Amino acid sequence: MSDSDTRAENERDWPLFEVFIRARTGLHHRHCGSLHAADPEMALARARDVYTRRGEGTSIWVVASDRIYASDPADKDMLFEPAMSKIYRHPSFYDLPDDVENM
Amino acid sequence: MADALTAAYAMRLGDDALILSHRLSEWVGHGPELEEDIALANTALDLLGQARLLLSHAGDREGAGRDEDALAYGRDLLDFSNLLLVEQPNGDFAQTMMRQFLFDAYAVELWPRLSASRDEGLAGIAGKAAKEAAYHVEQSAAWVVRMGDGTKESHARAQAGLDMLWPYAGQIFEADEVEASLAKKGIAVAPSELRAPWLARVDPVLEAAGLARPEGAGVRSGGRRGRHSEHLGHLLAEFQFMQRAYPGAEW
C-alpha cells in the first residue's frame, strides 16, 4: 500500500446515518437527528451515546442517510397542495376522548 | 462500623475509577469525531459516578469523617492506591482505547462477582457498575478490533499501545493482605480469580484484531501501595488544583 493510498484511507469521511428513537413502548420511532459512523453497529452505539443521555429511549433505529429517497422540495405544490382543500380527510368532526394521548 | 480493610479496598476500586475517569475527561473537546468525543465523556461520567460511590463508602467504613471530596481532593499522591494502568497517559486514541479495553475486560469480570459481596454497600455499587462495564467493554473491544484490523497505521498504533500498556495489566491480579483477608470473608473478590476470565476476554479480541500479545514482558506494580509513575503527580496537580488553592470552595 503506498503512502497516498494510506492517507486516502485514513482521511475518508465516515458516512452519515439518520437516527430514530422510540421514546416509550407504544409510540413510534421518531427522527431525532443524524451522526457520522463507520458502520451501522458503530452508528447504533454512537446514537445511544449522543441521543439517549437523559433516558430518552427504549429503542433505536439507524438508517444510512444515502438510503433515504426523498421528495424534492420543488414538488411541494404538486404533491401537497391538492390535500389542503379536502377538510373531510381531517379528524376534525368528532371529539377525541381525553384518554387518547398520542394522536 | 469502622473497618479499615474494607475502607482500603473500596478506596482502591474508587481510585481506579476516579483516575481513569479523569484521564478520559482529558479527551473532551479533543475527540477524533464529535460522536466519539461524547462517547468518551459518557464513559468518564460513568466512572466518576462509580468513584463517588466507592470513595463515599470508603469514607464511611474508615469512620474518620472523610467524605468523597476529602478523599478525592485532599489526599496526596502517596495515598492514592489506583492501578498504574489507569494513570498512564492517553497517548493517541489507539493507546487510550487499549488502556480502556484492558481495564474494562477486568471490570466486567469484577463487578458481577462483587455484587455478591457480604458488604451490602459494595454489593449495591457493584450491581450498578456491572451494567456500565458491560457496555464499556463492548465499545472498547470494538475499537481495538477496528484499529488492529484497520489500516496499516491504525494497526501499528494499536500494537504500540498494547506493547506499552501490557506490563501494567499484570498488576490487576496482584493481591496483598487487604484483598486476601477480605476475600476470605466474602467481602472482596480475590484478584487472582479474575486472571483466567480476563484472559478469556482479552485473547479473542486481540486475535480478531490481529494484534500480538507481548511475550516476556515483566509486571509493573506498586500502585496499590502508593508507588506511582510520574504521570499521576501531573494528573493530580490539575485535578486537585482548585481545592488546593481554595480549600472548601463550592459553586
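The values are calculated or read from the model by the stated rules, or taken from the named source; none is laboratory data. Quantities reported herein were computed from a predicted structural model and do not represent experimental measurements. Cβ coordinates were reconstructed from backbone atoms using ideal geometry, including for glycine residues, and neighbour counts include every protein chain displayed.
B:ASP46 passes every criterion in (1) touching an Asp or Glu at 6+ places or on another chain (Cβ under 7 Å); (2) of a type outside the set (A, V, I, L, M, F, W, C); (3) closer than 21 Å to B:GLY226 by Cβ apart from (3). Inspection of segment B:47-68 identifies at least one residue that is in a helix (DSSP H, G or I), within 14 Å of chain A (Cβ to nearest Cβ) and either in contact with a helix residue (DSSP H, G or I) (Cβ under 6 Å, 6 or more places away or on another chain) or modelled with pLDDT of 95 or more (or both). Against the conditions (1) more than 30 Å from B:GLY74 (Cα to Cα); (2) assigned to a helix (DSSP H, G or I), where does B:GLU238 fall short? Just the number, please. The failed condition is (1).
When the residues of segment B:1-36 are filtered to those that are in a helix (DSSP H, G or I) and over 17 Å from the mean Cα position of the chain (by Cα), which remaining residue is nearest to B:GLY91 (Cα to Cα)? Taking the candidates together, the pick is B:GLU36. Hey, can you tell me all the residues within segment A:51-88 that are in contact (Cβ under 8 Å) with a residue 24 or more places away in the chain and either among the basic types (Lys, Arg) or closer than 25 Å to B:GLN139 by Cα (or both)? A:TYR51, A:THR52, A:GLU56, A:GLY57, A:THR58, A:SER59, A:ILE60, A:TRP61, A:VAL62, A:VAL63, A:ALA64, A:SER65 - these are the residues of segment A:51-88 that are in contact (Cβ under 8 Å) with a residue 24 or more places away in the chain and either among the basic types (Lys, Arg) or closer than 25 Å to B:GLN139 by Cα (or both).
The set of residues in segment B:147-172 that are of a type outside the set (A, V, I, L, M), buried (at least 19 other Cβ atoms within 10 Å of the Cβ) and either within 28 Å of B:ASP15 (Cα to Cα) or free of Cβ contacts under 8 Å to residues at least 60 places away in the same chain (or both) comprises B:GLY150, B:ARG157, B:GLN159, B:GLY161, B:TRP166, B:TYR168.
Can you name every residue in segment B:132-189 that is within 14 Å of chain A (Cβ to nearest Cβ) and polar (S, T, N, Q)? Within segment B:132-189, B:GLN139, B:SER140, B:THR151, B:SER154 meet the criteria.
Restricting attention to segment A:68-103 and to residues that are under 21 Å from the mean Cα position of the chain (by Cα) and within 24 Å of A:GLY26 (Cα to Cα), the residue that is modelled with the lowest pLDDT turns out to be A:MET103.
So which residues in segment B:118-137 are over 18 Å from B:ALA17 (Cα atoms) and assigned to a helix (DSSP H, G or I), if there are any at all?
Filtering segment B:118-137 down to residues over 18 Å from B:ALA17 (Cα atoms) leaves B:118-120.
Result: B:GLU120, single match.
B:ALA105 meets each of the listed conditions (1) among the small types (Gly, Ala, Ser); (2) farther than 26 Å from A:LEU35 by Cα; (3) within 14 Å of chain A (Cβ to nearest Cβ); (4) crowded, with 19+ Cβ neighbours inside 10 Å apart from (3).
Scanning segment B:143-190 for residues that are within 30 Å of B:ASP37 (Cα to Cα) and outside any helix (DSSP H, G or I) returns B:ASP149, B:GLY150, B:THR151. Filtering segment A:13-38 to residues that are closer than 16 Å to A:ARG67 by Cβ, of a type outside the set (Gly, Ala, Ser) and more than 9 Å from chain B (Cβ to nearest Cβ) leaves A:PRO15, A:LEU16, A:PHE17, A:GLU18, A:VAL19, A:PHE20, A:HIS29, A:HIS31.
Among the residues of segment A:34-78, which ones are crowded, with 17+ Cβ neighbours inside 10 Å, small (Gly, Ala, Ser) and touching a Pro at 6+ places or on another chain (Cβ under 8 Å)? Listed by number, the list holds a single entry, A:ALA37. Residues in segment B:124-135 that are crowded, with 16+ Cβ neighbours inside 10 Å and of a type in the set (A, V, I, L, M): B:ILE125, B:ALA126, B:ALA129, B:ALA130, B:ALA133. Criterion first (buried (at least 18 other Cβ atoms within 10 Å of the Cβ) and in contact with a Lys or Arg (Cβ under 6 Å, 6 or more places away or on another chain)) does B:LEU235 satisfy it? For B:LEU235, the condition - buried (at least 18 other Cβ atoms within 10 Å of the Cβ) and in contact with a Lys or Arg (Cβ under 6 Å, 6 or more places away or on another chain) - is not met.
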